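Report on one structure; see the data block that follows.
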Amino acid sequence: MVGKRQRILLAVVSLVSLLSQTACAPVVVLGAGVLAGSTLLERRGAGESLEDHWVALKLRSSFVESEEVRAGNINVSVFRGKVLLTGTASTKEEIDEAIRIARYTRGVQAVSSELQIEEMTPKEVAEDTWITGTIKMKILADEVVRGLDIHVETTKKVVYLTGIAGSVRERDRAVEISRVRGVREVVSYIDVDTRFDSSSPDEPSE
C-alpha cells in the first residue's frame, strides 16, 4: 500500500515538473497544493484521502469509457473506500451498470446508490449547485462541525452528506445546517468515529 501511495505522489510531482515551464503550471501547482493541504487536515489522514481520491478518479474514468453510462450525470463520493453514487440516469440498466463498475473497481469496499431515473433541467442543475455551495460555506463556518471532513452533493434538491464526525452531535449538526432554503430532504451517510470527538468532558457527544 505504501508503494502505491508513493507512486501516486510521484506521478503528481512528475506532472507538476513536466508542466512547470508551461502556462498551465500555476493551475497544476495550485491544484496539487490544495489537494495536499486538504488531505493533511482531514481526519481520515493523507493516506486514506489519497486512496479515496484515486478510487474516485478511476471510477469517473471508467464511467467516461463506458458506452452505457452518462458520466456527466453521476456524482461520485468516496470515503474510506465506501462509494456513494448520486445524480440521475436514463434507465435502470444504466444505474445497474454504474453500480457494477463501482463494485469491481479496485479499492472499493462498499457501494451505495442514490441514483434516480430522471432528467435534469439546466434550472435544476443551477439550483442544486447553489444549494451545495451554500451548505459547504455554512459547514466550513460552523464551530461544531469540522467542515473539511463533510462532503456535500445535491440532486433535485435532495442533499447527500458523506464523511466523518467525531460525535452524534456533530453529525446531527451537519444535517441541521444542510436544511437551507430550497432543500427537500437531507440524507446522511456520515460515519461517527468517537476517536475524533473534540467535545469537552462536560458536553455529551450523544
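Bear in mind these aren't lab numbers, they're just calculated from the coordinates by the rules spelled out. Note that the structure is a prediction, hence the values are computed from the model and not measured. Positions of Cβ are backbone-derived with ideal geometry, glycine not excepted, and every protein chain shown enters the neighbour counts.
Among residues other than residue 93 with Cβ under 14 Å from its Cβ, the summed charge is -2 (Lys and Arg +1, Asp and Glu -1). Would you be so kind as to identify which of 101, 49, 72 lies farthest towards the positive end of the dipole of segment 44-122, taking Lys and Arg as +1 and Asp and Glu as -1 on Cβ and the Cα centre as origin? Result: 49. Fully extending the segment from residue 109 to residue 61 would add 15.4 nm, taking 0.36 nm per residue of separation and subtracting the current Cα-Cα distance.
DSSP beta bridges confined to segment 66-206 are antiparallel in about 45 percent of cases. Equivalent-ellipsoid semi-axes for segment 50-114 (Cα gyration tensor, √(5λ), whole Å, largest first): 18, 11, 10. Going by neighbour counts of Cβ atoms within 10 Å, the residues 160, 104 line up, fewest first, as 104, 160. Between the listed residues 161, 137, 150, the Cα displaced farthest toward the positive end of the dipole of segment 122-196, a dipole computed from Cβ unit charges relative to the Cα centre, is found at 137.
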